Amino acid sequence: MKTRFGAVLVLLVVPSVASAQAVSTLNPLYQMVKTYITQSAEQMPVENYSFKPVRTVRSFGEIVGHLANENLDMCAAAKGEKSPRGAQDFEKTTDKAALVKALKDALAYCDPLYTMPDSAFAGETELFGMKMTKLGVLALNVTHNNEHYGNFVTYMRIKGLVPPSSQKQGM
């Protein structure tokens with residue numbers, strides 16, 4: 001069942017794999033959520049980085065650190081590399097500037113993957129003890145970023161802020 005998880009996820013997110021010449025079908029989804037999570041991290045005031053709606057969940061800053069960790073780990077798996085973060089756990093970082101930098105650096109590490117053709121990721125890899133295609137790992141990364149953007153939206157609204165996806169965009 002574990003090996004099917006990645007395949008099911010890819011089928012849900014990427015219904016058809018285009019030709020080998022096409023840029024990853026995940027790119028627009030990745031670019032959108034990348035913008036939203038980065039803008040959220042930048043826009044949340046420093047005094048709210050320790051905010052938790054209830055004590056049993058991560059603080060806003062811990063989620064930023066978690067996203068930095070997981071983007072590095074997932075993209076390293078898709079690249080067939082060891083995670084560049086090593087033993088560093090950004091979820092334990094409390095400085096807003098350091099967290100925003102860690103998130104941006106992690107996303108920059110992922111960026112090249114989302115401009116390659118889907119066919120470049122047909123090989124299998126292991127992530128969190130599960131075997132899946134490298135493309136499945138990238139789909140999971142986009143999904144994970146979106147899940148935590150949902151947390152950001154809630155935290156920002158509780159603090160009276162308008163999340164990036166709801167802000168009026170220049171046309």
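A few points about this structure:
- The residue of the range 79-116 that is surrounded by the fewest Cβ atoms within 10 Å (Cβ to Cβ), among those that are assigned to a helix (DSSP H, G or I) and of a type in the set (G, A, S), is A97.
- Close contacts from the range 89-110, counting a first residue that is over 18 Å from Y36 (Cβ atoms) and a second that is not in a helix (DSSP H, G or I), with Cβ to Cβ under 7 Å and a gap of 6+ residues or different chains, come to Y109/P84.
- Number of the condition not met by T35 [criteria: (1) exposed (fewer than 15 other Cβ atoms within 10 Å of the Cβ); (2) among the β-branched types (V, I, T); (3) without any contact (Cβ under 8 Å) to a residue 40 or more places away in the chain]: (3)
- Checked against the criterion of being modelled with pLDDT under 95 and of a type in the set (A, V, I, L, M), the candidates A22, A41 yield just one match: A22.
- Within the range 117-124, none of the residues are in contact with a helix residue (DSSP H, G or I) (Cβ under 7 Å, 6 or more places away or on another chain), surrounded by 19 or more Cβ atoms within 10 Å (Cβ to Cβ) and in a loop (DSSP other than H, G, I, E, B).
- If you go through the range 21-58 and keep only what is among the charged types (D, E, K, R) and within 17 Å of N151 (Cα to Cα), you end up with K34, E42, K52, R55, R58.
- Answer residue from the range 125-162, given it is part of a loop (DSSP other than H, G, I, E, B) and over 17 Å from the mean Cα position of the chain (by Cα) and is surrounded by the most Cβ atoms within 10 Å (Cβ to Cβ) among those: L161
The values are calculated or read from the model by the stated rules, or taken from the named source; none is laboratory data. Because the structure is a prediction, the values reported are computed rather than measured. Using ideal geometry, Cβ is built from the backbone for each residue, glycine included, and neighbour counts are taken over all protein chains shown.
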